[in-house]
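Q: Submitted below is the structure of interest, expressed as structure tokens.
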Amino acid sequence: MLNPLLAQALNVELPLGDAADTGVRWVIDTFDWLFSAIRFIVGGIVDYTELALITPSPLIMTAVFAGIALVATRSWGLPVFTIVAFLLVDAMGMFAFAMQTLALVFVATVLAVIIGVPLGILAARNERVSTTIKPILDFMQTMPSFVYLLLAVFFFRIGRVPGVMSALIFAMPPAVRLTELGIRQVDAEVVEAAHAFGARPREVLTGVQLPLARASILAGINQVIMLSLSMVVIAGLGGAPGLGAEVVRAVTRMDIGMGIEGGLGVVALAIYLDRVTAAFGREGRGRRKEGPASTDEQSLSDDDADDDTPAEGGGDTSTTATTTSGATS
Amino acid sequence: MPKLRVRGLTKVFGPHPRRALELMEQGMSRSDILERTGQLLAVAEVDLDIDEGELFVVMGLSGSGKSTVIRMLNRLIEPTAGTVELDGERIDQLSPAELRSMRQRKLSMVFQHFALFPHRTVGENAAYGLKVQGIDEDEARERALHALDTVGLGDRVDAYPHELSGGMQQRVGLARGLATEADILLMDEPFSALDPLIRRDMQDLLAELQAELNRTIVFITHDLNEAMRLGDRICVLKDGRVVQVGTGAEIIDNPANQYVADFVSDVDRSRVLTAVHAMRKPRRTFSPKDSPREVLDWLDEQEFNGVYVLDSEGRVLGVARDDRLAAGLRSGATTIENLLIEDYASAQHDTLLSELAGLAAHHTVPIAVTDETGKLFGVVPRAHLLAALSNEEAEVDA
């Protein structure tokens, strides 16, 4: 005995998909010049990066990678792993594909950092930007990555560029989030101190906030790299060359050996990139001089200090936001 | 003219300060305003006059608004209403650029948790204010080093803050504040994060430096003993309002209300109050030409054992004690001139009660309070001393 009206209401289907489809086609037609320009520029950058990575012999590149690992970690473990892993990739005939993938990851990461870090800085300084950006970032991160690829292929045709662009969208959120978080986590009193001595807002940012948010920002960049690697591999479906394309080919041919070879290449690249960037992110690496802390006065942890220091309650706890905005305005 | 002049300084936290201000002008309390409007009246109509070279302490408990007050002086927190004048210049009306320049030249600050830059060396931290001013690197380094020397850390320029103990870190904070040679040094509970022994050292260091440098210092604390030790004058803040301003002794001796009285009740009065606070006029003094009989009769009548004898200028010559007077009478003395003894203790008007306590025990006459020339101001009887120490009105007969 359902009310026919109610039944009808329950049956209503929002033609959201159709609308999106129409919208996308309209965007493609209207902004064709923009997409062409992006395709041209990004495509060019990727090509040159790829060229730079592929031209030297794999042995030289392996040595370079090992050198970077040595500088980053200042120990022998990672460089040895690097040499073994990349020689293995080369032996599997995957080195050139790995370099193609690396070129895509590199360009996507650079773009994500160029866009994401300033956005994070803005979000840290402006509450409204922060609240606006948050749901957008959630959306970007939770949308299945294939959908980006689909859209990117629509906008940029198949090949390298949709790979880079979908990786850019998919991988950028951590750069924004961890930059914002890092800056917000800087001790408010230290920021106040910079203001109190008359530093300009820019000096406070570059001289105090960014250096102290460095570890968090670098952790964000590490995340960006890992996410873009995963996206760039998926982009093999959309015609982006490299390890992803090899894996896709292996899947379509049901070629287990080739699939495993491509997969191992991705793993090697992933471990290498993660360890190197994580090592760079470790706070204060090699920058602080070693020296025994003085023992003639008892050193205090913050917790101890807080015990006999009742925090300013009420008005003073709610001042942080006002303080910063007041002082920076 | 005061160096720093503050009038009607008010801060309301919340999106609608105007409504809270109206209620404040009607004389409503902070809690009522919070209930009625949801706006927090952190600081209400604070007036301060701080003189050049003065160490001015703002004291209050948590939530009294003292941190907010000091931050409104350099506008780390924007005042909701009121004026702040430094040398006649309205800080509250400066543009952002003018404010920065004012902070660079005239206002520096020391923070509760030191607020050192962890990624900079001790030397770079101390030089920060100079660097911001654009002073060239060599000069900045030299001046920073000088400031570090004054706080006893000249040998740690190249260390990083985390390598130093809490007390040493705050010395760096102090050096950073001193290096710019700003007119006003704002100190926000600078020693309260330190353990008691180090705190004591730092207080001594500050007192020493201040004796030498004579800066104008606004010092925030919740510790009354610290306020009493350091402050030339003290402002007691409660619920964002000024309750009393005065020297430590004035506040202890004459608290403005019950709140202040309760607050100061457990302060060590003997280390704040001085002879003046326990002194009374001598009931009577004698001159050396007086006869022993007359003096003895008076002592008998008063049930005293001795009395001060002064010369014509009012200077203390000595004490006439009953046993000596009686002996003098028997041997036929006509004046007390040769019967005087030195059995008394003397103090200046600014001698602390803690020192008087040691003097009071051994003599038959009250302690004499004299000026530099030995002229007698008054006397401190033992009962008065005890009454002053125990916070009772000194109405005791002695």
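Q: Let me confirm something: among B:Phe191, B:Phe219, B:Phe286, B:Phe263, which residue is under 23 Å from B:Met72 (Cα atoms), crowded, with 17+ Cβ neighbours inside 10 Å and free of Cβ contacts under 8 Å to residues at least 60 places away in the same chain?
A: That would be B:Phe191, the only listed residue that is under 23 Å from B:Met72 (Cα atoms), crowded, with 17+ Cβ neighbours inside 10 Å and free of Cβ contacts under 8 Å to residues at least 60 places away in the same chain.
Q: Read through the list (1) more than 10 Å from chain A (Cβ to nearest Cβ); (2) part of a helix (DSSP H, G or I); (3) without any contact (Cβ under 8 Å) to a residue 12 or more places away in the chain, then give the number of the only condition that B:Ile135 fails.
A: All conditions are met except number (2).
Q: What's the total number of residues in the stretch A:74-121 that are touching a residue at least 24 places away in the same chain (Cβ under 8 Å), surrounded by fewer than 16 Cβ atoms within 10 Å (Cβ to Cβ) and closer than 23 Å to A:Arg214 by Cβ?
A: 2
Q: If you check B:Asp300 against the conditions, is it charged (D, E, K, R), over 19 Å from B:Gly378 (Cα atoms) and surrounded by fewer than 15 Cβ atoms within 10 Å (Cβ to Cβ)?
A: yes
Q: Then there is this: Looking only at the stretch B:154-165, count how many residues are touching a residue at least 40 places away in the same chain (Cβ under 8 Å) and in a helix (DSSP H, G or I).
A: Here the count works out to 2.
Q: Somewhere in the stretch B:106-117, is a residue within 7 Å of another protein chain (Cβ to nearest Cβ), among the basic types (Lys, Arg) and closer than 18 Å to B:Glu181 by Cα?
A: No: the stretch B:106-117 contains no residue that is within 7 Å of another protein chain (Cβ to nearest Cβ), among the basic types (Lys, Arg) and closer than 18 Å to B:Glu181 by Cα.
Q: Something else: Looking only at the stretch B:158-165, decide whether some residue is surrounded by 20 or more Cβ atoms within 10 Å (Cβ to Cβ), within 22 Å of B:Gly231 (Cα to Cα), at the interface with chain A (Cβ under 10 Å from one of its Cβ atoms) and not polar (S, T, N, Q).
A: no
Q: Here's a follow-up. Based on what the data block shows, is B:Leu178 closer than 25 Å to B:Lys131 by Cα, more than 14 Å from chain A (Cβ to nearest Cβ) and among the hydrophobic types (A, V, I, L, M, F, W, C)? Don't jump to the end; show me each part of the working.
A: Values: closer than 25 Å to B:Lys131 by Cα: yes; more than 14 Å from chain A (Cβ to nearest Cβ): no; among the hydrophobic types (A, V, I, L, M, F, W, C): yes.
No.
Q: So is A:Ala196 within 14 Å of chain B (Cβ to nearest Cβ), closer than 19 Å to B:Pro118 by Cα, out of contact with any strand residue (DSSP E or B) (no Cβ under 8 Å at 6 or more places or on another chain) and aliphatic (A, V, I, L, M) or not? Spell out how you get there, then give the answer.
A: Numbers: within 14 Å of chain B (Cβ to nearest Cβ): yes; closer than 19 Å to B:Pro118 by Cα: yes; out of contact with any strand residue (DSSP E or B) (no Cβ under 8 Å at 6 or more places or on another chain): no; aliphatic (A, V, I, L, M): yes.
In short, no.
Q: Consider B:Thr351 carefully, then state whether it is among the β-branched types (Val, Ile, Thr), surrounded by fewer than 21 Cβ atoms within 10 Å (Cβ to Cβ), touching a Ser or Thr at 6+ places or on another chain (Cβ under 7 Å) and closer than 30 Å to B:Asp262 by Cβ. Quick ask: steps written out before the conclusion?
A: Values: among the β-branched types (Val, Ile, Thr): yes; surrounded by fewer than 21 Cβ atoms within 10 Å (Cβ to Cβ): yes; touching a Ser or Thr at 6+ places or on another chain (Cβ under 7 Å): yes; closer than 30 Å to B:Asp262 by Cβ: yes.
Yes, satisfied.
Q: I want to confirm something. Restricting to the stretch B:138-153 and keeping residues that are of a type outside the set (D, E, K, R) and assigned to a helix (DSSP H, G or I), which single residue is surrounded by the fewest Cβ atoms within 10 Å (Cβ to Cβ)?
A: In this case the residue turns out to be B:His146.
Q: Of the residues B:Gln169, B:Gln203, B:Gln210, which single one is within 18 Å of B:Ala115 (Cβ to Cβ) and either in a helix (DSSP H, G or I) or at pLDDT 90 or above (or both)?
A: When all the criteria are applied, what remains is B:Gln169.
Q: Residues that are modelled with pLDDT of 90 or more and under 30 Å from B:Val172 (Cα atoms): find the helices (runs of 4 or more DSSP H) completely inside the stretch A:172-288 holding 1 or more of those.
A: A:188-196, A:201-204, A:210-234
Q: Shifting gears a bit: Would the stretch A:1-17 turn up any residue that is assigned to a helix (DSSP H, G or I), surrounded by 10 or more Cβ atoms within 10 Å (Cβ to Cβ) and modelled with pLDDT under 85?
A: To start, the set of residues in the stretch A:1-17 that are assigned to a helix (DSSP H, G or I) comprises A:4-11, A:16-17.
Filter once more, so that each one left must be surrounded by 10 or more Cβ atoms within 10 Å (Cβ to Cβ): A:8.
Still in the list and also modelled with pLDDT under 85: A:8.
Within the stretch A:1-17, one or more residues are assigned to a helix (DSSP H, G or I), surrounded by 10 or more Cβ atoms within 10 Å (Cβ to Cβ) and modelled with pLDDT under 85.
Q: Here's a check for you: in the stretch B:274-311, which residue that is among the small types (Gly, Ala, Ser) and in contact with a strand residue (DSSP E or B) (Cβ under 6 Å, 6 or more places away or on another chain) is nearest to B:Asp343 (Cα to Cα)?
A: B:Gly306
Q: Taking the stretch B:79-101 only, how many residues are within 12 Å of another protein chain (Cβ to nearest Cβ) and either touching a residue at least 40 places away in the same chain (Cβ under 8 Å) or among the polar types (S, T, N, Q) (or both)?
A: 4
Q: Taking the stretch B:364-398 as the region of interest, how many residues are touching a strand residue (DSSP E or B) at 6+ places or on another chain (Cβ under 9 Å), at pLDDT below 80 and more than 17 Å from B:Asp253 (Cβ to Cβ)? Let's see the steps before the verdict.
A: Just the residues of the stretch B:364-398 that are touching a strand residue (DSSP E or B) at 6+ places or on another chain (Cβ under 9 Å), to begin with: B:364-371, B:373-382, B:384-385, B:388, B:394, B:398.
Of the ones still in play, those that are also at pLDDT below 80 are B:364, B:394, B:398.
Now restrict to residues that are more than 17 Å from B:Asp253 (Cβ to Cβ): B:364, B:398.
Within the stretch B:364-398, residues that are touching a strand residue (DSSP E or B) at 6+ places or on another chain (Cβ under 9 Å), at pLDDT below 80 and more than 17 Å from B:Asp253 (Cβ to Cβ) number 2.
Q: Given the residues B:Ala327, B:Ala320, B:Ala278, B:Ala345, which is the only one that is among the small types (Gly, Ala, Ser) and in contact (Cβ under 8 Å) with a residue 60 or more places away in the chain?
A: B:Ala278
The values are calculated or read from the model by the stated rules, or taken from the named source; none is laboratory data. Every value quoted in this text rests on a predicted model; they were computed, and no experiment measured them. Cβ: placed from backbone, ideal geometry, glycine included. Neighbour counts: every protein chain shown.
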